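J.: One structure coming up, written as C-alpha cells, with questions to follow.
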Amino acid sequence: MSYCMAHRGWSGRAPENTMAAIKLALAEPGIQAIEVDVQLSKDGIPVLIHDFTLDRTTNGSGLVKDHTFDQLREWSAGSWFAEEFSNEQIPALEELFQAASQHTCRLNVELKTAGNLYPLLAEKVVELVEAYELASQVCLTSFDHEIIKRVKELQPSIKTGLIITGKPVLLREQLAKTGATILSMAYPYLTKDFVQMMLEEGFEIFAWTIDDENEIERISEWHPNIYICTNHPDRMLSLAR
C-alpha cells in the first residue's frame, strides 16, 4: 500500500484546513502526510485556507489578503461543515508546526498565490520552517513555479514540488529549472509506466485527490512510494487492513 496523505487535514471528517482536521490526521498512525494550503493575512501572517476568498469555508466574506490575522480569527471556519465545529478558526501556519513538531508526519504545504498576490509568501513560510527546524519534515509545493524557484533560493534544503494539472511537455525541464524534486499531479493524468519512470529517476509522486476506494487501490498497486492525497484517509486505511 502506498503512503496516505490527508488532503487539507482529515477533511472528510472535519472542516478542511482547520486544527480539528489536522489533529485527527496527526492522531492516526496510518496517515504518513498531511496537505494544507497557506496564504498571507493583510499583516503578513501565514494562515491555512484554500480559497482566495473567505466565503466558501468561513462565515466571513471578501479576500483573505484584505484582512488582518485578528480579523480573520473573528469568523468561524467550521460552522459551514457542521455546528459542532463552529468554534474552529482559521489557523496560523505556526499552529500546525507547533502541533506537528511532536510527530513524524510529513507536511505538504501548498503555497497559494497568483501573480504578485503575495510577494513575501515564500519568505514568511521559509522563515517559519527554519524557526521550527522542520526542513526535513516539510515540503513546499505550488502551481506557481516562480515561488518554488524562490523557495530554493532562500533555503535549498527544503524539498519542493510542482503541482500540475494535465501532462505538459518539458516536464523534467520545469522540475530542473525550479529545483523541484516532487511532482504533485492530478491523478487522472498519471499512468503506471510514467509513475515508475519518474520514481526511478529520483522524483517523488503525489497523486491528488483520490477519494474513490477502487481508484485508491488501483493506483496504490503501482508502487508503494506513491503518496495518495485523499479527503477520506479512512477509505485508504480500510484497504490496508
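J.: Tally Lys/Arg at +1 and Asp/Glu at -1 over every other residue whose Cβ is under 14 Å from the Cβ of residue 240; what's the total? List each step's numbers first, then the result.
T.: Values: positive: 235, 241; negative: 28, 213, 217, 221, 234.
Taking every Cβ under 14 Å from that of residue 240, the sum is -3.
J.: Peptides 8-18, 182-192: what's the order by average Cβ count within 10 Å, highest mean first? Walk me through the numbers on the way to the answer.
T.: On the way: 8-18: 24.4, 182-192: 17.9.
By packing density, highest mean first, the sequence is 8-18, 182-192.
J.: At most 14 other Cβ atoms within 10 Å and a DSSP loop assignment: could you name the trypsin sites (Lys or Arg not before Pro) in region 55-91 that fit?
T.: Numbers: sites: 56, 65, 73; in loops: 56, 73.
Those that pass, being in a loop and sparsely packed, are 56.
J.: Using DSSP, restrict attention to beta bridges with both residues in the chain and report what percent are antiparallel, rounded to the nearest 5.
T.: Counting only bridges with both partners in the chain, antiparallel ones make up about 15 percent.
J.: Keeping every protein chain present and rolling a 1.4 Å probe, give me the accessible area per residue for region 26-100 in Å². Mind dumping the intermediate values first?
T.: On the way: 3230 Å² over 75 residues.
Accessible area per residue, region 26-100: 43 Å².
J.: Which FRET efficiency, nearest 0.05, do residue 131 and residue 197 yield, Cβ-Cβ r, R0 41 Å?
T.: Numbers: r = 37 Å, r/R0 = 0.91.
Efficiency at R0 = 41 Å is approximately 0.65.
J.: Another one. For mean projected area of the Cα convex hull in nm², one of [x] 13.2; [y] 11.6; [z] 12.3 was computed from the structure I shared and the rest are decoys. Which label?
T.: Recomputing mean projected area of the Cα convex hull in nm² here picks out [z].
J.: Counting only protein heavy atoms, what percent of the accessible surface of the chain is carbon or sulfur at a 1.4 Å probe?
T.: Details: 5100 of 10630 Å².
Answer for the chain: carbon and sulfur cover 48 percent of the accessible area.
J.: Quick one: length gained pulling residue 146 to residue 87 fully straight, 0.36 nm per residue minus the C-alpha distance?
T.: On the way: separation 59, 0.36 × 59 = 21.24 nm, distance 3.62 nm.
Using 0.36 nm per residue and subtracting the Cα-Cα distance, I get 17.6 nm.
J.: Check the straight Cα-Cα distances from residue 65 and name the lysines below 19 Å, setting aside those fewer than 8 residues away within the same chain.
T.: Within the straight-line cut-off, residue 65 pairs with 42, 112, 124.
J.: Skip the ligands, DNA and RNA, and give the accessible area per residue of region 183-241 with a 1.4 Å probe, whole Å². Mind showing how you got there, number by number?
T.: Values: 2740 Å² over 59 residues.
Value returned for region 183-241: 46 Å² of accessible area per residue.
J.: To continue, here is another question. Suppose every Lys and Arg Cβ carries +1 and every Asp and Glu Cβ carries -1, with no other charges. What dipole size does region 159-235 come out with about its Cα centre, to the nearest 20 debye? Provide the component values of the computation, followed by the final result.
T.: On the way: 7 positive and 12 negative charges, 82 e Å.
The calculation lands at about 400 debye.
J.: Now a separate question. Just subtract the alpha-carbon distance of residue 172 and residue 99 from 0.36 nm times their residue separation and send over the number in nm, one decimal. Intermediate results must be reported in sequence, preceding the final value.
T.: On the way: separation 73, 0.36 × 73 = 26.28 nm, distance 3.48 nm.
Working it through step by step, the gained length comes to 22.8 nm.
J.: What nm distance separates the two modelled labels at residue 114 and residue 65, each placed 7 Å from Cα along Cα→Cβ?
T.: My value for the distance between the label points is 1.0 nm.
J.: If you put +1 on each Lys and Arg Cβ and -1 on each Asp and Glu Cβ, how big is the dipole of the chain around its Cα centre, in Debye rounded to 20?
T.: Numbers: 21 positive and 35 negative charges, 88 e Å.
My answer is approximately 420 debye.
J.: Put +1 on the Cβ of each Lys and Arg and -1 on the Cβ of each Asp and Glu in the chain; which of 175, 118, 137 then has its Cα farthest toward the positive end of the dipole?
T.: Going by the charge dipole, the pick is 175.
J.: Excluding residue 78 itself, calculate the net charge of residues whose Cβ lies under 10 Å from the Cβ of residue 78, where each Lys or Arg counts +1 and each Asp or Glu counts -1. Walk me through the intermediate numbers first.
T.: On the way: positive: none; negative: 16, 83, 84, 88.
Surrounding charge for residue 78 is -4.
The values are calculated or read from the model by the stated rules, or taken from the named source; none is laboratory data. The structure displayed is predicted, hence computed values, not measured ones. Neighbour counts are summed over all protein chains in view; Cβ atoms, including those assigned to glycine, are modelled from backbone coordinates with ideal geometry. Just the protein is used for accessible areas: all its heavy atoms, side chains included, with ligands, DNA and RNA removed. Shrake-Rupley method; radii C 1.70, N 1.55, O 1.52, S 1.80 Å.
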